[in-house]
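**Student:** Quick one: the structure is below, questions incoming.
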Amino acid sequence: MKYRILNSVAHNFTHSFVSYMNYVDDGYVIDDLLQVARDAKGERVTIQWIPDSPPPASLPPRVLTSIAERKTWLPSHVANSGADIAAIREFKTDIFLKPNHQIAVEAHLVDDRGKEHVANVIF
């Protein structure tokens, strides 16, 4: 497996999660995430994909539903991208308000060699 693919895996998966194509329960997930990030006032809102852990209970139901759906899709996304899910030690998405009041989205993936891949996601 080529490890350089993992940066793209993290970016593409996170971009899909925060995109306007992620429409659940009559609304866009990103709209809820933007409000959650604003309410957090600079603190990072983290969604842990690997290892699997429960999302923050404070997230809106639409976001929780989307997270559950995306977690079931993640293994096939990784495989279809040409990577091996066993090579991923940790994978998370951070959403936060930057000091200039813009919302930032980052994908953080740590491979089985301990190398961290960070992708800034523009939505």
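**Student:** Inside segment 1-26, can you point out the residues that are within 14 Å of residue 73 (Cβ to Cβ) and either exposed (fewer than 14 other Cβ atoms within 10 Å of the Cβ) or modelled with pLDDT under 95 (or both)?
**Tutor:** Our first condition is that a residue be within 14 Å of residue 73 (Cβ to Cβ); within segment 1-26, this holds for 9, 12-17, 19, 21-22, 24.
Correct list: 21 only.
**Student:** Of the residues 32, 39, which is open to solvent by 40 Å² or more (accessible area, probe 1.4 Å) and either out of contact with any strand residue (DSSP E or B) (no Cβ under 8 Å at 6 or more places or on another chain) or more than 27 Å from residue 6 (Cα to Cα) (or both)?
**Tutor:** Going through 32, 39 in turn, just one is open to solvent by 40 Å² or more (accessible area, probe 1.4 Å) and either out of contact with any strand residue (DSSP E or B) (no Cβ under 8 Å at 6 or more places or on another chain) or more than 27 Å from residue 6 (Cα to Cα) (or both): 39.
**Student:** Follow-up. Please determine, by comparing only the residues of segment 89-108 that are farther than 12 Å from residue 47 by Cα and touching a strand residue (DSSP E or B) at 6+ places or on another chain (Cβ under 7 Å), which one is surrounded by the most Cβ atoms within 10 Å (Cβ to Cβ).
**Tutor:** Per the criteria, the residue is 97.
**Student:** Kindly indicate whether any position in segment 46-56 is open to solvent by 10 Å² or more (accessible area, probe 1.4 Å), among the aliphatic types (A, V, I, L, M) and under 18 Å from residue 118 (Cα atoms).
**Tutor:** yes
**Student:** So residue 46 ticks every box in (1) modelled with pLDDT of 95 or more; (2) in contact with a helix residue (DSSP H, G or I) (Cβ under 9 Å, 6 or more places away or on another chain) but one. Which box is left unticked?
**Tutor:** Result: residue 46 passes all but (2).
**Student:** Being within 19 Å of residue 8 (Cβ to Cβ), open to solvent by less than 20 Å² (accessible area, probe 1.4 Å) and either of a type in the set (A, V, I, L, M, F, W, C) or modelled with pLDDT under 95 (or both) narrows it down to one of 83, 79, so name that one.
**Tutor:** 83
**Student:** Can you spot a residue in segment 61-83 that is touching a Phe, Trp or Tyr at 6+ places or on another chain (Cβ under 7 Å) and basic (Lys, Arg)?
**Tutor:** yes
**Student:** Taking the condition of being under 28 Å from residue 34 (Cα atoms) and free of Cβ contacts under 8 Å to residues at least 60 places away in the same chain, how many residues in segment 69-105 meet it?
**Tutor:** 18
The values are calculated or read from the model by the stated rules, or taken from the named source; none is laboratory data. Here the structure is a predicted model, which is why all the values come from computation and not from measurement. We place every Cβ from the backbone using ideal geometry, glycine too, and count neighbours over all the protein chains shown. Each accessible area value is taken on the protein alone, full model and side chains, heavy atoms only, with ligands, DNA and RNA left out. Shrake-Rupley method; radii C 1.70, N 1.55, O 1.52, S 1.80 Å.
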